[in-house]
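The next block holds one structure in the form of structure tokens; read it before the comments.
The values are calculated or read from the model by the stated rules, or taken from the named source; none is laboratory data. Not measured: the values here are computed from a predicted model. Positions of Cβ are backbone-derived with ideal geometry, glycine not excepted, and every protein chain shown enters the neighbour counts. Accessible surface is based on the protein model in full, side chains and every heavy atom, while ligands, DNA and RNA are left aside. Shrake-Rupley method; radii C 1.70, N 1.55, O 1.52, S 1.80 Å.
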Amino acid sequence: MTASTVCFVSARLGEPDGVSVAAAAWMLAFERLGFVVRTVAGEGQADCLVPGLALNAEAPPPARDLDAAIQGAAVVVVENLCSLPLNLPAAKVVASCLRGRRAILHHHDFPWQREGFENLGPWPPDDLAWAHVTINEMSRHQLGDRGIEGTTVYNGVLPAAPGDRERARAVLGVAPDRLLLVQPTRAIARKNVPEGVGVAEALDAIYWLTGPAEDGYGPELERVLAAATCEIRRGIPGSLDIADAYEASDAVVFPSTWEGFGLPLIESAQYRKPLAVGRFPMVEELAAFGFRWFPSDDPTPLGTWLKHPEPDLLDRNQAVALRHFSVDALAGRLAGVLQHAGWALW
């Protein structure tokens, strides 16, 4: 029997942003279900690049180009393009091309959850042939309030790759006994870099921001970092990767004011690092699985733990991450989505 093809469509893939990373876990999960994966994106790394899908594209893609890119797929997975329409013309082309075709709209964010998109009008698009998947229960309920049934599938994370703590610290110029706090995010307003810096200052730690400034946040980032009283490291050097960043750190800070999910919540557990986290809505929903975290608006509890570490906390968080957020767990949830939709594809 020939394996069915699942085609992923996104503005960008293969990048360090949350949508790309979550999509990579979905791809591996579909492969474990026996599917062949094909990828289509506006930018980044994909089997087929359709520039009109990119976030900053000057014009949407011709419908014929997109139709050719997804031709033959048993099911198409749309990664947030038709959820938070940062490129609305492209989103409308995607929705039009998928009418009557089996598709999963994988919703990471919705317009009513983001400032500046509240008055978009009826959204997201819907079709009887589609299944809608949200990454949290709050979004599923909000979608239901708008007359669209959805299923919550929490993000899975890829297996933790090995990192090299000693080499990473040597590359960064960080002494073996120096406290290093990593914020594994891009620099945009809602990632709350000032609070992350504040935690590092309070703990007399080096602050490492791994991602670049985006969405026009560059000038503000420069002001925040210039005023910092702690040492700063920026970006991941070319010889290192995100696994090295986690391994090199003594703690992780994730002080966001809003996230649809927040992969560092799970990744920090995978790498057995204590986490100081902001008070966005998803924190409480995921904490209910059994995670134990520290508040990023009060560095004292994390500082106390670092002086007297309790491995039981790291054991617990790692076990919760493996049980509920592994690729195998994700594959099981995706199989349930396909079965619920009545799609006998494998």
Debye, to nearest 20: dipole size of region 171-255, +1 on Lys, Arg Cβ, -1 on Asp, Glu Cβ = 180 debye
In the Gaussian network model of the chain, springs joining C-alpha atoms below 10 Å, which of Gly44, Gly262, Gly238 carries the largest mean-square fluctuation?
-> Gly238
Measuring with a 1.4 Å probe in the full set of protein chains, what accessible area per residue, in whole Å², belongs to region 2-95?
-> 38 Å²
At what distance in angstrom do the alpha carbon centres of region 152-186 and region 18-88 lie from each other?
-> 28 Å
Straight distance only, please: which lysines reach the Cα of Lys273 with their own Cα at less than 24 Å, same-chain residues fewer than 8 apart left out?
-> Lys191, Lys307
With every protein chain in place, the chain: carbon and sulfur % of accessible area (1.4 Å) | 51 percent
Quick one: order Glu310, Glu267 from most to least accessible surface, probe 1.4 Å.
-> Glu310, Glu267
Per GNM of the chain with C-alpha springs under 10 angstrom, the most fluctuating residue out of Pro159, Pro299, Pro219 is Pro219
Local charge sum around Asp127 (other residues, Cβ-Cβ under 14 Å, Lys/Arg +1, Asp/Glu -1)?
-> +2
Modelled label-to-label distance, Arg64 and Ser96, 7 Å Cα→beta-carbon offset: nm?
-> 1.4 nm
Accessible area per residue, 1.4 Å probe, Å², for region 162-251: what's the number?
-> 44 Å²
Which helices pass in the chain if a helix is a full DSSP H run, must span at least 18 angstrom along its long axis by Cα, and must have mean Kyte-Doolittle hydropathy not below -0.5?
-> 18-32, 311-325, 327-341
Local electrostatic count, Ala22, Cβ distance below 14 Å [Lys/Arg +1, Asp/Glu -1] = -4
Please build a GNM for the chain, connecting alpha carbons under 10 Å apart, and tell me which residue among Ala243, Ala29, Ala227 fluctuates the most.
-> Ala227
For the chain, give the magnitude of the charge dipole about the Cα centre (Cβ charges: +1 Lys/Arg, -1 Asp/Glu; no others), in debye to the nearest 20.
-> 620 debye
Exposure ranking of Thr300, Thr229, Thr210 by accessible area [1.4 Å probe, largest first] = Thr229, Thr300, Thr210
